[in-house]
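Written below as structure tokens is the structure these notes are about.
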Amino acid sequence: MKRNLDGVYFRIKNEDGRWDNICFSDLTDEQKDEMMNGRSEEWLKSLCKHLANVISKIGEQFDLISRYDDEEE
């Protein structure tokens, strides 16, 4: 399912042989590996920071907090 959550798009050839813009988080693991191969450390750090910011914004928007079962509120 294409959710388009992270805003980091890559052009990927789909099953029909046509090009499509797909968010990093919607790629298969194999496609993610292909997109990260050969990238600089700086680029990879930038991607990680961007994805972390997206997770934080989603958490804020939906008031989500991860808790372990043994933690008290």
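No value in this document is a laboratory result; all are computed from the given coordinates. Values in this document were obtained by computation on a predicted structure and should not be read as measured data. Ideal geometry is used to build each Cβ from the backbone, glycine not excepted, and the neighbour counts take in all protein chains shown.
Data for the structure
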{"item": "Label selected from (i) 7.0; (ii) 8.9; (iii) 5.0, the criterion being mean projected area of the Cα convex hull in nm² as computed here", "result": "(i)"}
{"item": "Cβ-placed point charges (K, R +1; D, E -1), dipole of region 9-62 about Cα centre in debye, nearest 20", "result": "260 debye"}
{"item": "Partner lysines for Lys57 [C-alpha distance under 16 Å; skip if fewer than 8 residues away on the same chain]", "result": "Lys49"}
{"item": "Charge dipole of region 9-62 about the Cα centre (unit charges at C-beta), most positive-ward option of Gly17, Leu27, Leu51", "result": "Leu51"}
